[in-house]
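Peer 1: Quick one: this structure, given as structure tokens, is what I'll be asking you about.
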Amino acid sequence: MPLREPPSMVSIPLSVVIPTYGRSKDLEGLLRSVQPNKKTHEVIVVDDCSENPNKFDALKGNYPDVHFVHLKKNVGPGQARNEGAKIAQGEIILYLDSDTELVAGGIDQLIAFSQKQPDINMFSGWDSSIPLNPGFFPRFKALFMVVGAPETDADVSSLAGRCFAIRRQVMLESGGFNAKYKEADVEDFELGYRLRRQYGKIKYISKLRVHHRYPSLWKQFKLYFKRIRMWMELRASMGGFD
């Protein structure tokens, strides 16, 4: 059975929640791509206790309808997403990372899909073939990501942290992201594997895409080796993956 909130508690179909730490410049393009609409969605930026929150002042002026929240303590992207869920008003929460921009039409696609399939509680998007930053490696990485993704809507076993959606009631009821994961590492996969066992299918929506700003090759290389141990620990705790 789908989990639904009473109609009186849901004022809009969707909330866009964006965790960030000091990425005020990157947010300009993302906010332009997801500007709030009173009929369909609100936008919430959760500043994870950036060292200089005043850098967001210009954005607040340019996007007065966006709700900016400043956390008093740095808690990491997972917990910042949890905080965003507590104040979100939409039935669905769309999480986007601050180094992305939503491809046009994604919000309408997500709302329509979730309303047609009320038994689905989690939805995953993916990268587009066009990265936000120039250069050979970002272009290669974007194409590599697209080649590895399904071409049509499909059931998947995990969530893409940079672009995924979940029914707000599920997010709150489940406790959301595990506080054990302080950084942007495998916290999204842990959430997806855990919630899939509790709340059913994760549906990949082929038209829910983001342009992604990829880190440099060297940084990507270091992240890969950093996460090997975390992947092994996660695999052991979950009893293996699908």
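Peer 1: If Lys55 satisfies all but one of (1) farther than 21 Å from Arg209 by Cα; (2) surrounded by fewer than 17 Cβ atoms within 10 Å (Cβ to Cβ); (3) at pLDDT 95 or above, what's the number of the condition it fails?
Peer 2: Tallying (1) farther than 21 Å from Arg209 by Cα; (2) surrounded by fewer than 17 Cβ atoms within 10 Å (Cβ to Cβ); (3) at pLDDT 95 or above, Lys55 fails exactly one: (3).
Peer 1: Are there any pairs with C-beta distances below 7 angstrom linking a residue in the stretch 25-45 that is touching a residue at least 60 places away in the same chain (Cβ under 8 Å) and farther than 14 Å from Gln89 by Cα to a residue that is open to solvent by less than 20 Å² (accessible area, probe 1.4 Å) and in a loop (DSSP other than H, G, I, E, B), with the two at least 6 apart or on different chains, and if so which?
Peer 2: Asp26/Ser98; Leu27/Ser98; Leu30/Ser98
Peer 1: Tell me the residue from Lys182, Lys207 that is part of a strand (DSSP E or B), open to solvent by 70 Å² or more (accessible area, probe 1.4 Å) and out of contact with any strand residue (DSSP E or B) (no Cβ under 7 Å at 6 or more places or on another chain), please.
Peer 2: Result: Lys207 is the single residue among Lys182, Lys207 that is part of a strand (DSSP E or B), open to solvent by 70 Å² or more (accessible area, probe 1.4 Å) and out of contact with any strand residue (DSSP E or B) (no Cβ under 7 Å at 6 or more places or on another chain).
Peer 1: Still on this structure, I have one more. For residues in the stretch 8-24 being over 11 Å from Gly90 (Cβ atoms) and over 15 Å from the mean Cα position of the chain (by Cα), which is least open to solvent (accessible area, probe 1.4 Å)?
Peer 2: Ser24
Peer 1: Turning to a different aspect of this structure: Pull out all pairs, ordered by first then second residue, where Cβ-Cβ is under 6 Å, the residues are six or more apart or on different chains, the first lies in the stretch 189-201 and is closer than 14 Å to Gly161 by Cβ, and the second is at pLDDT 90 or above and in a helix (DSSP H, G or I).
Peer 2: Pairs that qualify, where the first residue is closer than 14 Å to Gly161 by Cβ and the partner is at pLDDT 90 or above and in a helix (DSSP H, G or I), are Leu195/Ser174.
The values are calculated or read from the model by the stated rules, or taken from the named source; none is laboratory data. Owing to the predicted nature of the structure, the values given are computational and were not obtained by experimental measurement. Reconstructed Cβ throughout: ideal geometry from the backbone, glycine too, with neighbour counts over all protein chains shown. Side chains included, ligands, DNA and RNA excluded: accessible areas come from the protein's heavy atoms. Shrake-Rupley method; radii C 1.70, N 1.55, O 1.52, S 1.80 Å.
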